[in-house]
Amino acid sequence: MDKGFTWFALNNSTTDYIDLSRKLASSIKRHNKHNQVCVITDKPVTHTEFDHVVVLKENFSEQQEWKLNNEWQIFKLTPFKHTIKLEADMLFTANTDWWWNYLHQHNMVFSYHCRSYTDSIVKHTPYRDLHKTNNLPDIYNALTYFRTSRTAQYFYTLCEHIIKHWPAVRSKFLINCHDDQPTTDVVYALALKIIDPLQESRVTYDFFNFMHNKNGVNGLTTAYDNDQYLYTMQVNGEIYSGGYKQSRIFHYHNKQLAEELYE
């Protein structure tokens, strides 16, 4: 099976996403036999951790600090027929080779909700009021599977139209949305709702989920400082957070954390 992991890595003024991508790629290869990775970026890079590097021919985020407007291009840029889309600020903590046996049966699989450091399902966060107000599916683009198919092509074409016509979409299709820039989670959720408004084709797997290490998301209230409270550490190659060994993909928010874990 032609399969692999693909994500975008475009640096901004504060974060070196190429460096984070190297750590993510290394963690994938550490745990998996099927570990082909591809990064999509805006300039050539030569790092042995990457099996494929795709340089954007059209960069729709050049003037943005938060570079999200290229996300719809992943369908045509991924070198794989079967793709798991990730984000650069993630780390693998366990083997996921067996995932492909389930995922390849579907055109697309989304990750619904996210997990806390205790592996509890987190359905309500302070960052998802827009989802709740507009009754959008609680999906996260940071972990998405798709295969080369008309379904996936249509989905990403719809994402393209939403991003390119964001001011009109925001005013006509969303309630109480004041975002100047479309965020990928909202774009994905809106596209999925348009395609499948009643979620009749929803496919969910308990394993297809990640731990979201973000303040106010990780099962903690905003009264706690996520990093100080959980004291995330790496011990003998394993990641522990809040005293719990992490077994899911670890999605961190503090970009310094990856360096601290593997210093």
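Some values worked out for this structure:
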| quantity | calculated |
| --- | --- |
| Cβ pairs under 8 Å, 6+ apart, first in the range 185-204 and at negative phi, second at pLDDT 95 or above and loosely packed, with under 13 Cβ neighbours inside 10 Å | LYS193/ASN135 |
| Among residues of the range 133-147, those that are surrounded by 15 or more Cβ atoms within 10 Å (Cβ to Cβ) and part of a loop (DSSP other than H, G, I, E, B), counted | 4 |
| Members of the range 81-98 found to be open to solvent by 10 Å² or more (accessible area, probe 1.4 Å), under 20 Å from HIS31 (Cα atoms) and not polar (S, T, N, Q), listed by number | HIS82, GLU87, ASP89, ALA94, ASP97, TRP98 |
| Where a residue in the range 12-31 is under 13 Å from HIS251 (Cα atoms) and its partner, wherever it lies, is open to solvent by 10 Å² or more (accessible area, probe 1.4 Å) and among the aromatic types (Phe, Trp, Tyr), with Cβ under 8 Å and at least six apart | SER21/PHE50; LYS23/TYR262 |
| Residue among GLU49, GLU71 that alone is touching a helix residue (DSSP H, G or I) at 6+ places or on another chain (Cβ under 7 Å) and surrounded by fewer than 19 Cβ atoms within 10 Å (Cβ to Cβ) | GLU49 |
| Index of the failed condition, GLN181 passing every other in (1) modelled with pLDDT of 95 or more; (2) under 16 Å from LEU68 (Cβ atoms) | (1) |
| Qualifying positions in the range 119-132 - open to solvent by 50 Å² or more (accessible area, probe 1.4 Å) and among the hydroxyl-bearing types (Ser, Thr, Tyr) | SER120, TYR127 |
| Residue that is modelled with the lowest pLDDT [pool: residues in the range 198-224 that are aliphatic (A, V, I, L, M) and touching a strand residue (DSSP E or B) at 6+ places or on another chain (Cβ under 7 Å)] | VAL217 |
| Qualifying position, being among the aromatic types (Phe, Trp, Tyr), closer than 25 Å to TYR240 by Cα and under 16 Å from the mean Cα position of the chain (by Cα), among TYR145, TYR140, TYR156, TYR117 | TYR140 |
| Cross-chain or 6+ apart pairs with Cβ under 9 Å, the range 143-164 first and closer than 18 Å to SER201 by Cβ, then among the small types (Gly, Ala, Ser) and open to solvent by 10 Å² or more (accessible area, probe 1.4 Å) | THR151/SER201 |
| Residue check, SER241 under 30 Å from ARG30 (Cα atoms) and in contact with an Asp or Glu (Cβ under 9 Å, 6 or more places away or on another chain) | no |
| Some residue of the range 123-135 being touching a residue at least 12 places away in the same chain (Cβ under 8 Å), under 22 Å from PHE210 (Cα atoms), touching a strand residue (DSSP E or B) at 6+ places or on another chain (Cβ under 6 Å) and of a type in the set (D, E, K, R) | no |
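Let's see how each residue does on (1) within 27 Å of GLU160 (Cα to Cα); (2) in contact with a Pro (Cβ under 8 Å, 6 or more places away or on another chain); (3) not aliphatic (A, V, I, L, M):
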{"position": "VAL53", "(1), (2), (3)": "yes, yes, no"}
{"position": "PHE60", "(1), (2), (3)": "yes, no, yes"}
{"position": "ASN69", "(1), (2), (3)": "yes, yes, yes"}
{"position": "TYR102", "(1), (2), (3)": "no, no, yes"}
{"position": "TYR127", "(1), (2), (3)": "yes, no, yes"}
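The values are calculated or read from the model by the stated rules, or taken from the named source; none is laboratory data. All of these numbers come straight from a predicted model, not from anything done at the bench. So basically every Cβ, Gly included, is an ideal-geometry build from the backbone, and we count neighbours across all protein chains shown. Accessible surface areas use protein heavy atoms only, side chains included; no ligands, DNA or RNA. Shrake-Rupley method; radii C 1.70, N 1.55, O 1.52, S 1.80 Å.
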